[in-house]
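Novice: Sharing a structure below in structure tokens format, with a few things to ask.
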Amino acid sequence: MTLTIILLGAAALIGIGLYGALSQQSFVMLMMGLELMLNGALLAIIGFWSLSLGGMPEGQLLAIIVMAVMAIEMAIGFALIVAVYRKRQADMTESIGTLKQ
């Protein structure tokens, strides 16, 4: 597998995630789009690491850090979604006007 194919796959994941994050109204779909974009970035990082650096450990550490950030982002995001739903009974982004109250 060449670096070009890996980067095209990563670009496709980032593009699909960007479309999903910008076009959807549901909070869950918005979070899924963000997760796809992070997966695309992780795929590009791992592709560069494995094919250009020859397997040095710095690429592995960066991939592990990105995976940890993805897990934390999803946990915090879903906690916020649950809090907004409990407070306002809103499951769509247009249903809430402001988050001040």
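Novice: Rank M32, M37, M70 by accessible area, highest first, at a 1.4 Å probe radius? Could you put the intermediate results ahead of the total?
Specialist: Details: M32 100, M37 45, M70 15 Å².
Reading off the accessible areas and sorting them downward yields M32, M37, M70.
Novice: Given labels modelled 7 Å from the Cα in the Cβ direction, how far is it in nm from I16 to K87?
Specialist: Roughly 3.3 nm, to one decimal.
Novice: Which ³J(HN,Hα) values in Hz, rounded to whole numbers, follow from the phi angles of segment 60-77 under the Karplus curve 6.51 cos²θ - 1.76 cosθ + 1.60, where θ = phi - 60° and Gly and Pro get x?
Specialist: 5, 5, 5, 5, 5, 5, 5, 5, 5, 5, 4, 5, 5, 4, 5, 5, 5, x
Novice: Each residue of segment 9-14 in turn: what ³J(HN,Hα) in whole Hz from Karplus with 6.51, -1.76, 1.60 and θ = phi - 60°, glycine and Pro shown as x?
Specialist: Values, residue by residue: x, 5, 5, 5, 4, 5 Hz.
The values are calculated or read from the model by the stated rules, or taken from the named source; none is laboratory data. Note that the structure is predicted; figures quoted are calculated from it, not measured. Glycine also receives a Cβ, built like all others from the backbone with ideal geometry; neighbour counts cover every protein chain displayed. Keep in mind that these areas ignore ligands, DNA and RNA; they rest on the heavy atoms of the full protein, side chains included. Shrake-Rupley method; radii C 1.70, N 1.55, O 1.52, S 1.80 Å.
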